[in-house]
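Structure, as structure tokens:
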Amino acid sequence: MKGILKKMFIASLFLSVFLIININNIFSESFPLHNKGKSFIFDYEQYGEFKKVGKDGFRFVIKDHKGLCEVAGEGVYPYEIYALNSPTLVKLLREKKLDINIWESLGLEDKEITFYKWATASEEPGVKQYFVGHVLKNAGHYEQALKAYYAVILHYNRSYCWAKDRSFVWFVAEAALTEIINICRMHPSLGVSLVDAYVDVINGGDTDPGNDIVIVDPGRFVKNETIKRKPKGKVINQRGKGRVVLKQYENGHWQVFVDDKPFLIKSISYGPTKIGRKPGGADWENNIWMWEDSDKNGKIDTAYDAWVDANKNNIKDENEKSVGDFYLMQQMGVNAIRVSGAGSHAGYKIGEINKELLRDMYKNYGIMVTMTDFFGAYTVGSCADWEKGTDYKDPKQRELMKASVKRMVMENKDEPYILMWIIGNENDMSGDYTGVNATRTNASKYPESYVSLLEETARMIHKIDPDHPVAVGHMSTNHLHLFKEQAPSIDVYGINRYNTGGFGATWSKIKRYFDRPVFIPEFGTDSYYNEKGERQDLQKEVLINCWEDIVYNSAGNNGTGNSIGGCFFEWLDEWWKDTHSGDSAFAQTTKSQFLFPTFDGYGHEEWLGIISQGDGSKSPFLRQPKEAYYHFVEEYKKSKK
């Protein structure tokens, strides 16, 4: 897709853009805490009363302040005395180790300093509590982190934090819930789960927190052994009647079936770009890889002629045979790729599909296609003026977008490689976000007009092609409350997510508002550690965390059961992605482009692939698989399609 500056917004709705993620406590050992409280799981209602549960204005009224302090312990409101009499704090102050910018402290490897910096901070109380929880988690104090995050939900659910560029605000309670869910799933030895909890922010994702409604149910912590897993049972609902259908079971879980066989989508975003090429003008042709045969041997370069540089010497040795990306994806276990359908933008034709190539990909490698129409994102399909962006109220633009989708469906609906149609790509991005990769639509300003066009388009697709599901491609849940009544023809809720520990409360929120299967069309992280060099191991850890969450929430497992798979972003490092700051498309920049929720807190767009292009001298053919690739070669062997 077109860069990930826009994706900073996605992940930041639930994770701070300031986060420095510490995967599995790699960077530091846990520092000692002087008081962890008397208990981990306890009944909060022994110490107070919940008011307005499941409604706007939820709050926890404390009735036994002393008792709550005793069980809460360090770092958890309302226990604060450690900040006054801790010998560690006195020592750090004397040594002036806390004389550091509070946000910069999140990047320290010494988490003890970061903890006391935040514990004594003068930041807004909810933001302070959230980041104290974050530091506790990164230091390996998982139980205390759970209590800290839960305190955010109980006491500070109206607290919010501004993005660095002030293009939106995010509510810390919503992020805290995701952290709690991820910690419980990733650390089963804790033996607990938070059940029936939710934090819903309505009208969020913009720069006006004043009109936001925050609905909270705090749920409760329970021991995992008390949770009874329901068997799937009989099929009670089916969407579609052709080759690809969606089935829902008695326990509410959803599953994809292809040719009557269960199919968990193991997809990857595939749009390999030859080094030196960059978007703009005719290079908007983002499916050019489907046609390119630069060595004139009658075979498509990347699909069939790519080769693995096993010894990483950037030379094609005699034993390094051309095998192609399709083969490498097949070996990994990939069963689908994401492809952009035809469209038009600023007078250019976009994405002509090489049907013969995709037919062969399916026939000989078993790889299907989730085909996307941008539906007005970046003005593709709407042909709108770039500065004004796509207008979903404009009758002419609406017809142009529907016509673009219709053309894509009509030209590909009978092809064996089609798995699913995806309408849009983050079109619901807030209009307050104006970065270079903003999607240029007014969907967030006029959501009902946007959703009505989605419904019209989905109905049209089903009439033309009843054999394949229709998904929306979103980047938030901001307009989710409209879908049940206004977009019933949408079969799958697709949502791009760039998180590090999984997708947390996303699954359950979608299930509550719009009971449909959920697909993650984009997730991933880069492999470059800011200013320190490449860390493929950390990229691998993030991808493992995300994929395990996708599986955990798929049919028949312990999660919500509405996950049907996900799509890694992306296959190949692309060197053009930082050209907006002046860097050459012929060099792979090591500069970070922005703050981003990844293992080091910074985004490096040109390192997102699970495959490297080496020194670039043999592009588009050379492949140096990263650690993540080799991990998933083994991981996907464990499960069938």
For the stretch 127-149 and the stretch 515-541, distance of Cα centres in Å: 22 Å
Helix 142-155 vs. the chain, principal-axis angle (Cα, 0 to 90°, nearest 10): 90 degrees
The stretch 265-638 - Rg (one decimal) and Dmax (whole number), Cα, Å: 19.8, 61
Fraction in percent of alpha-carbon pairs per bin - 5 Å, the stretch 236-334: 2, 10, 13, 15, 14, 12, 10, 9, 8, 5, 2, 0
Evaluated over the stretch 34-99, the Cα radius of gyration and Dmax, each in Å: 15.7, 47
Compactness of the stretch 444-490 - radius of gyration and Dmax, Cα, Å: 10.8, 33
Calculated SAXS-style log₁₀ I(q)/I(0) at q = 0.10, 0.21, 0.22 Å⁻¹ - the stretch 33-169, Debye, Cα scatterers: -0.35, -1.32, -1.41
Difference of contour (0.36 nm per residue) and Cα-Cα distance, Asp260 to Lys66: 63.9 nm
Principal axis dimensions, largest first and in whole angstrom, of the stretch 499-562 by Cα: 44, 21, 16
Cβ-Cβ FRET estimate between Val195 and His34, R0 fixed at 30 Å, reported to 0.05: 0.45
Distance in nm between pseudo-label sites at Trp386 and Asp56 (7 Å out along the Cβ direction from Cα): 4.0 nm
Theoretical ellipticity at 222 nm over the chain - DSSP helices of four or more residues, -39500 (n - 2.57) apiece, nearest 500: -8000 deg cm²/dmol
Packing-based ranking, highest mean first, of 290-299, 144-153, 112-121, 316-325 given that Cβ atoms within 10 Å are counted: 144-153, 112-121, 316-325, 290-299
Scattering curve values for the stretch 455-565, log₁₀ I(q)/I(0), Debye with Cα scatterers, q = 0.13, 0.20 Å⁻¹: -0.56, -1.03
The chain: mean projected area of Cα convex hull, nm²: 27.8 nm²
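Throughout, read-outs are computed from the coordinates displayed, never taken from laboratory work. It should be emphasised that the depicted structure is a prediction, and the values quoted were computed from it without experimental measurement. Heads up, the Cβs are rebuilt from the backbone with ideal geometry, glycines too, and the neighbour counts pull from every protein chain shown.
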